[in-house]
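The values are calculated or read from the model by the stated rules, or taken from the named source; none is laboratory data. Note that the structure is a prediction, hence the values are computed from the model and not measured. Positions of Cβ are generated from backbone atoms using ideal geometry, with glycine treated the same way; all protein chains shown enter the neighbour counts. Areas reflect the complete protein model, heavy atoms only, side chains present, ligands, DNA and RNA absent. Shrake-Rupley method; radii C 1.70, N 1.55, O 1.52, S 1.80 Å.
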Amino acid sequence: MEKKNIDWSNLGFGYVQTDKRYVSTYKDGAWDDGVLTEDATITMSECACVLQYAQTIFEGIKAYTTADGRIVTFRPDLNAERFANSAARMEMPVFPKDRFVDSIKQVVKANEAYVPPYGTGATLYIRPYMFGINPVIGVKPATEFQYRVFTTPVGPYFKGGAKPITIRVSDFDRAAPHGTGHIKAGLNYAMSLHAIVDAHNKGFDENMYLDPQTRTKVEETGGANFLFVTKDNKVVTPKSPSILPSVTRRSLMYVAQKYLGLEVEEREVLFDEVKDFAECGLCGTAAVISPVGKIYDHGKEICFPSGMEKMGPTITKLRETLTGIQMGTIEAPEGWIVEV
C-alpha cells in the first residue's frame, strides 16, 4: 500500500486523523460484533456517564515497520490484560482479550498507509479506550459502553528525542493510597494535568511523584515509570501498589537481565537514594525510555553523572536493545512481536 504524503521525520506527538477506527458497543449485557468505520465522531447524551463521572479507561500501543518491511505490534496481549484489569476496577464489562488483540490488528491493517516507514523514528500510535455512554445522573456505573480504537502517526513523545530531560519533585499526589493508580483510567491523568502544566510553565519536562502516604518513596511521573541504574550497574525500578504496571518497563527489565546480563531489582525506592544512582530514565509506550539528566527538589538539584548532553551508557544499551527487538533487527522473545 502506498504511504501517505507525511513528513515522517518531523512528526510531533499529536493527533492526526487516519482513515478507519474500530467500534464495538456493549448493551443489554453483551458486546456486539464490532465494526470498522470512517466516522471519527461520537454521539452521546449530555448526561452520558463518561461526561458526568469519568467512567473511562484506555491503553497505548504502537505499530512499527520492521527492517524487513513487516508491520508489527509489541506485546498487545499485555495491554489486553491490563485493559481487562482496568475495566474490572472501574465496574465496566471486560472486553475479551482475544477480541482486543484482533481489534488492534484490524485497525492497523486498515490504516497501513499511515504506518511510518522504517528508519524515520516515527511510529503508529494505537489508542484503545472504553467509556460509559448511557445517561447516568445518580452516582453509579453505566450500563452501556463503547469500546473504540483509533490510530495516529506520531514522532517522539519528548521534543528533544533521546536528549536528557529535567524533572521536578511534585508537591501534588498522582494517586491516592488504595485508589486507582495501578490502572489506566482517564481520571488518573486528569488529576495530573494541573501539575504538568505548572511544571512546563516553570521550565521542567515532567514531575516526579512520591508515594501519597509517606512522600518518601519514588512512584512514577504523570505518564511513565522510573528506571534507575546504580553505580555498580544494577537496574532498579520502583515497586508500589499505586503505580501503573508499564509494559515497556517490564520489557526493559527482561532485556536488562536476559539480553544484557545485568542484575535487576524491583523494590521500594526511597527518594533519599536517588542522588546515589548513576542513571535515571522514564519508560513507557510513548517515550520508550527517556533519560533524566537532572531532578529539581525544592531549590536543590540532583544531577546524574550521565549529564545533560546524552543518555548514560546502560540506558543507551537498554533503549537500543528494546527498539532493536521492536524493529526486528534483534531477535525477540517468543510472543513479543505480533505481525499484522
Would you mention how many residues in the range 311-340 are polar (S, T, N, Q) and open to solvent by less than 20 Å² (accessible area, probe 1.4 Å)?
3
Could you list, in sequence order, the residues of the range 183-229 that are over 16 Å from the mean Cα position of the chain (by Cα) and part of a loop (DSSP other than H, G, I, E, B)?
202, 203, 204, 205, 209, 211, 212, 213, 214, 215, 216
Which members of the range 223-260 meet the condition of being free of Cβ contacts under 8 Å to residues at least 40 places away in the same chain and open to solvent by 50 Å² or more (accessible area, probe 1.4 Å)?
232, 239, 257
Can you pull out the strands (runs of 3 or more DSSP E) entirely within the range 1-66 that have at least 1 residues that are touching a Gly at 6+ places or on another chain (Cβ under 6 Å), modelled with pLDDT of 95 or more and surrounded by 17 or more Cβ atoms within 10 Å (Cβ to Cβ)?
21-27, 56-58
Working carefully through the options 6, 42, find the one that is under 17 Å from residue 124 (Cβ atoms) and β-branched (Val, Ile, Thr).
6
Please determine whether any residue of the range 246-263 is in a strand (DSSP E or B) and modelled with pLDDT of 95 or more.
no
Please indicate, with yes or no, whether at least one residue in the range 163-183 is hydroxyl-bearing (Ser, Thr, Tyr) and in contact with a Ser or Thr (Cβ under 8 Å, 6 or more places away or on another chain).
no
Answer with yes or no whether residue 184 is closer than 21 Å to residue 273 by Cα, open to solvent by 10 Å² or more (accessible area, probe 1.4 Å) and at pLDDT 95 or above.
no
Which of the residues spanning the range 84-104 are open to solvent by less than 30 Å² (accessible area, probe 1.4 Å), touching a Gly at 6+ places or on another chain (Cβ under 9 Å) and assigned to a helix (DSSP H, G or I)?
103
Taking the condition of being assigned to a helix (DSSP H, G or I) and aliphatic (A, V, I, L, M), how many residues in the range 305-330 meet it?
5
Residues of the range 271-304 satisfying the condition of being part of a strand (DSSP E or B), in contact with a Ser or Thr (Cβ under 6 Å, 6 or more places away or on another chain) and open to solvent by 20 Å² or more (accessible area, probe 1.4 Å)
294
